[in-house]
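A.B. asks: The structure that follows is given in the form of structure tokens.
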Amino acid sequence: MQGLVLLTAQARSPSLKPPSCSDSCNEVSGGQATMLFGGLYLIALGVGGIKGSLPSHGAEQFDNDTPQGRKQRSTFFNYYIFCLACGALLAVTLVVWIEDNKGWEWGFGMSTVAIFLSIPIFLFGSARYRNKVPTGSPLTTITKVLAAAMLNNCRSPSNAVASMVASPNHATKTSKAAEKETFDVPSMSLKFLNRAVTNKPAHPALECTLEQVEEVKIVFRVLPIFACTIMLNCCLAQLSTFSVQQAATMNTKLGSLTVPPASLPVFPVLFIMLLAPLYNHVIIPFARKMTKTEMGVSHLQRIGIGLFLSIVAMAVAALVEVKRKRVATHSGLLNSDEPLPITFFWVALQYLFLGSADLFTLAGLLEFFFTEAPASMRSLATALTWASLAMGYYLSSGLVSIVSSVTGASGHTRWLSGSNLNHYHLERFYWLMCVLSGLNFVHYLFWANRYKYRSTQQGA
């Protein structure tokens, strides 16, 4: 909220922002830049804290040791995505309209008021929340186990560890409750980490328990699944970049209403809002009857569906761009900045497929990380979902730079440059994204088929 207050004040006060644009715009600098970036970074910090902790906090309210509790937890993740979509719907419609017609200060001010009103609503239910007692940072545990595995003397393990390192069996648990697992023996996967458990650590601070080692192994085993979702988020980055530019060159009139290109993400948002309840109340019950399993569709299957839909979305995006440029050529507007005689609803097709991919993968990934991660590391695990989103956007920027550099070599025409978007070879970039997404999907299938769930409740 503090970040939004800073941005609202800066947008409201002329002395806190650069002079109005005439022929050219002035860049913000000095104290104005400090205030601007301070507000943006405060917002990023706050959003990161909320999105990193809220999914795990909400899921903790349900019992993990009963089928009913696990079903309720799955419903929570679906409707968590639904609520995110509701907020996004307001952002890309009402807030965008207010900023375009009333001013940026009104848009920021409205967001500030909304955040302020949410605080007492959250506190109102705080007395009934099921809270976990903090047990320290999971990053500390991971760092400690890694350092111990590298520095400890592997020739002096404890008797229990020494006897099991030579055994082909996996680790066994002394507790049936997933919330409170203890291990008798180490697993054979990631065996180098077993060196962290020893009677003679290199330093007293590097003394690790078998439980800590096995928890770190669990986190490491989910990392390949996490890595495979980065490419999907790279595709999602196109929703707010090239797809918006495409729509801006097209006819954006809806009757007498002109739709701002920045509001086009309303399409995937609306589709998520429709699909989330349908998935929870129709698709999943039907899948449970067909598969005779508790989950119906396993977490990894759901993530895989999302990754496959991202391939389809990029193929659709390429075909739509081919059609858009064909219309520009036939209408004689290839070198013009005038709107093309083609409706922006064609671009909505790629939005719908990417929105569906986002729903399947995001909700599935959140539940997968929460279910598979140790109880002490669930917040960290669910936060990986948003780390994947950030890394996907960085990867998108990197790919654009690489493609522009490579395609512009030896005097060739760059794919992503020209006097206007009609001169771009954007369809080639989309085909490249389609191919990369396909390779990523094959990579995902390799790791998903090798992955073993911690419990049998998930299904294969």
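A.B. asks: How many residues does the stretch 357-377 hold that are within 15 Å of Tyr80 (Cα to Cα) and open to solvent by 10 Å² or more (accessible area, probe 1.4 Å)?
C.D. replies: Count: 3.
A.B. asks: His425: of a type outside the set (Val, Ile, Thr), open to solvent by 30 Å² or more (accessible area, probe 1.4 Å) and out of contact with any helix residue (DSSP H, G or I) (no Cβ under 8 Å at 6 or more places or on another chain), yes or no?
C.D. replies: no
A.B. asks: Evaluate the following for Gly46: is it in a helix (DSSP H, G or I), under 18 Å from the mean Cα position of the chain (by Cα) and not β-branched (Val, Ile, Thr)?
C.D. replies: When the stated conditions are applied, Gly46 passes them.
A.B. asks: Cβ contacts < 6 Å: first residue within 18 Å of Ala375 (Cα to Cα), restricted to the stretch 43-70; second residue of a type in the set (Val, Ile, Thr) and surrounded by 16 or more Cβ atoms within 10 Å (Cβ to Cβ), any location; separation 6+ or different chain. Result?
C.D. replies: Pro55/Thr382; Ser56/Thr382
A.B. asks: For the stretch 85-100, give me each residue that is open to solvent by 60 Å² or more (accessible area, probe 1.4 Å) and under 27 Å from Pro55 (Cα atoms).
C.D. replies: Leu90, Leu94
A.B. asks: Answer yes if at least one residue in the stretch 313-320 is open to solvent by 30 Å² or more (accessible area, probe 1.4 Å), at pLDDT below 85 and not assigned by the TED database to the domain that holds Asp100, and no otherwise.
C.D. replies: Looking for residues that are open to solvent by 30 Å² or more (accessible area, probe 1.4 Å), at pLDDT below 85 and not assigned by the TED database to the domain that holds Asp100, one finds none in the stretch 313-320, hence no.
A.B. asks: Since Ala387 meets every condition but one in (1) closer than 30 Å to Gln61 by Cα; (2) under 13 Å from the mean Cα position of the chain (by Cα); (3) surrounded by 18 or more Cβ atoms within 10 Å (Cβ to Cβ), which condition does it not meet?
C.D. replies: Going through the list (1) closer than 30 Å to Gln61 by Cα; (2) under 13 Å from the mean Cα position of the chain (by Cα); (3) surrounded by 18 or more Cβ atoms within 10 Å (Cβ to Cβ), Ala387 breaks only (3).
A.B. asks: Something else: Can you name the residue in the stretch 101-116 that is polar (S, T, N, Q) and surrounded by 17 or more Cβ atoms within 10 Å (Cβ to Cβ) and, of all such residues, is nearest to Leu6 (Cα to Cα)?
C.D. replies: Among residues in the stretch 101-116 that are polar (S, T, N, Q) and surrounded by 17 or more Cβ atoms within 10 Å (Cβ to Cβ), the one nearest to Leu6 (Cα to Cα) is Thr112.
A.B. asks: Okay, next question. Say we look at the stretch 223-238 and pick out the residues that are more than 13 Å from the chain's Cα centre (by Cα) and modelled with pLDDT of 90 or more; which of these is most open to solvent (accessible area, probe 1.4 Å)?
C.D. replies: Leu223
The values are calculated or read from the model by the stated rules, or taken from the named source; none is laboratory data. Note that the structure is predicted; figures quoted are calculated from it, not measured. When we count neighbours, we look across all protein chains shown, and the Cβ atoms used for this are built from the backbone with ideal geometry, even at glycine. Calculation scope for accessible area: heavy atoms of the full protein, side chains included, ligands and nucleic acids excluded. Shrake-Rupley method; radii C 1.70, N 1.55, O 1.52, S 1.80 Å.
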